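The values are calculated or read from the model by the stated rules, or taken from the named source; none is laboratory data. This is a predicted model, so every value here is computed, not measured. We place every Cβ from the backbone using ideal geometry, glycine too, and count neighbours over all the protein chains shown.
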Amino acid sequence: MYQLPLLQYEYDALEPYIDAATMKIHHTKHHQGYVTKLNDALEPYPELAKKSIEDLLQSLDSVPEEIRVAVRRNAGGHHNHSLFWMNMMPNGGGGTGGQLAQAITDSFGDFSTFKNEFNSAALSVFGSGWAWLIKDADNKLKIITTHNQDSPLMEGVRPILGLDIWEHAYYLNYQNRRPEYVDAWWNVINWEQVEKNFNS
């Protein structure tokens with residue numbers, strides 16, 4: 001069975017940028033809900049439940065049609081959120097170095113341009129979804145968005161960094177001020193983890 005991952009920090013550790021109440025509800029209610037519904041959907045298919053979440057998302061065509069929508073939504077929600085939590089930390093932010101920094105420069109010109117393009121993508125999402133930095137099959141970095149809980153893995157690309165644009169991710173603290181939430185999030189990014197994602 002898939003399980004809710006433990007956070008590597010306390011719920012209030014990302015304040016003032018992301019408040020403790022939002023973190024607790026987001027993790028224990030929303031993310032847990034995806035895990036529970038995914039396990040429920042896969043209960044009649046134990047062979048599928050043995051797959052890694054990545055393998056499951058990359059082979060949705062092999063999932064029986066009667067549970068495919070449930071698996072798509074809830075496996076996507078589980079994987080997206082698991083990456084989201086790992087890519088944040090207290091006292092994060094700043095920028096990155098090493099190979100990821102060079103790849104960002106190669107793909108976008110400089111870090112400032114990358115940040116502006118990522119913010120624009122995040123603010124362009126209508127309704128619920130995600131903004132992503134992904135690595136494609138040619139190891140090139142690109143910025144994409146996905147709707148609802150769709151994962152970039154479904155499109156054959158690897159997510160490196162993702163920002164949750166669902167209202168439940170920010171509404172308690174920011175209400176309808178999504179741009180403020182997007183700006184605040186840059187202060188809690190765990191760039192060391194993002195670098196690991198890039199190099200994996």
Fill in the blank from the handout: Exception for GLN99 within (1) in contact (Cβ under 8 Å) with a residue 24 or more places away in the chain; (2) outside any helix (DSSP H, G or I); (3) surrounded by fewer than 18 Cβ atoms within 10 Å (Cβ to Cβ) falls at (2)
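I'd like to know if the range 116-136 contains one or more residues that are farther than 30 Å from ASP61 by Cβ, part of a helix (DSSP H, G or I) and in contact with a Phe, Trp or Tyr (Cβ under 7 Å, 6 or more places away or on another chain).
Initial filter on the range 116-136 (farther than 30 Å from ASP61 by Cβ): 116-120, 123.
In the following step, the residues that additionally are part of a helix (DSSP H, G or I) were identified as 116-120, 123.
From what is left, the residues that are in contact with a Phe, Trp or Tyr (Cβ under 7 Å, 6 or more places away or on another chain) are 117.
Yes, there is a match, as at least one residue in the range 116-136 is farther than 30 Å from ASP61 by Cβ, part of a helix (DSSP H, G or I) and in contact with a Phe, Trp or Tyr (Cβ under 7 Å, 6 or more places away or on another chain).
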Fill in the blank from the handout: If we keep only residues of the range 126-156 that are among the aliphatic types (A, V, I, L, M) and within 14 Å of TRP185 (Cβ to Cβ), then the residue nearest to the chain's Cα centre (by Cα) is ALA131
Handout entry: Inter-residue pairs, beta-carbon under 8 Å, first without any contact (Cβ under 8 Å) to a residue 24 or more places away in the chain and in the range 14-37, second surrounded by fewer than 20 Cβ atoms within 10 Å (Cβ to Cβ) and hydroxyl-bearing (Ser, Thr, Tyr), 6+ apart
Key = ALA20/TYR11; MET23/TYR11; LYS24/TYR11
Exercise for the section: Within the range 177-196, identify whether any single residue is touching a Ser or Thr at 6+ places or on another chain (Cβ under 9 Å), crowded, with 16+ Cβ neighbours inside 10 Å and among the small types (Gly, Ala, Ser), and answer yes or no. Expected result: no
Completion exercise
Within the range 148-174, the count of residues that are at pLDDT 95 or above, in a loop (DSSP other than H, G, I, E, B) and surrounded by fewer than 16 Cβ atoms within 10 Å (Cβ to Cβ) comes to 1
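Here is a list: SER82, SER107. Which entry is assigned to a helix (DSSP H, G or I), assigned by TED's automatic domain parsing to the domain that holds ASN39 and in contact with a helix residue (DSSP H, G or I) (Cβ under 9 Å, 6 or more places away or on another chain)?
Working: SER107 fails: assigned by TED's automatic domain parsing to the domain that holds ASN39.
Every option except SER82 fails the conditions.
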Exercise for the section: Looking only at the range 63-71, decide whether some residue is within 23 Å of ILE165 (Cβ to Cβ), under 17 Å from the mean Cα position of the chain (by Cα), among the small types (Gly, Ala, Ser) and part of a helix (DSSP H, G or I). Expected result: no
Exercise for the section: Output the qualifying pairs, or none if there are none: Cβ atoms under 8 angstrom, residues six or more apart or on different chains, first residue in the range 69-87 and at pLDDT 95 or above, second residue surrounded by fewer than 23 Cβ atoms within 10 Å (Cβ to Cβ) and of a type in the set (Lys, Arg). Expected result: ALA70/LYS37; ARG73/LYS37; ASN74/LYS37
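Being modelled with pLDDT under 95 and over 18 Å from LEU57 (Cα atoms) is the filter here; which residues of the range 137-147 pass it?
Initial filter on the range 137-147 (modelled with pLDDT under 95): 137-140.
Once the filter is applied, which keeps residues that are modelled with pLDDT under 95 and over 18 Å from LEU57 (Cα atoms), the range 137-147 yields ASP138, ASN139, LYS140.
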Handout entry: Cβ-Cβ under 6 Å pairs, at least 6 apart or on other chains, the range 148-174 side in contact (Cβ under 8 Å) with a residue 40 or more places away in the chain and more than 25 Å from LEU56 (Cα to Cα), far side of a type in the set (Phe, Trp, Tyr) and in a loop (DSSP other than H, G, I, E, B)
Key = none
Fill in the blank from the handout: Counted residues in the range 112-138 being touching a residue at least 12 places away in the same chain (Cβ under 8 Å) and either surrounded by fewer than 14 Cβ atoms within 10 Å (Cβ to Cβ) or within 25 Å of GLN175 (Cβ to Cβ) (or both) come to 15
Exercise for the section: Might you let me know whether the range 26-44 holds any residue that is under 27 Å from TRP191 (Cα atoms), surrounded by fewer than 17 Cβ atoms within 10 Å (Cβ to Cβ), of a type in the set (Ser, Thr, Tyr) and under 17 Å from the mean Cα position of the chain (by Cα)? Expected result: yes
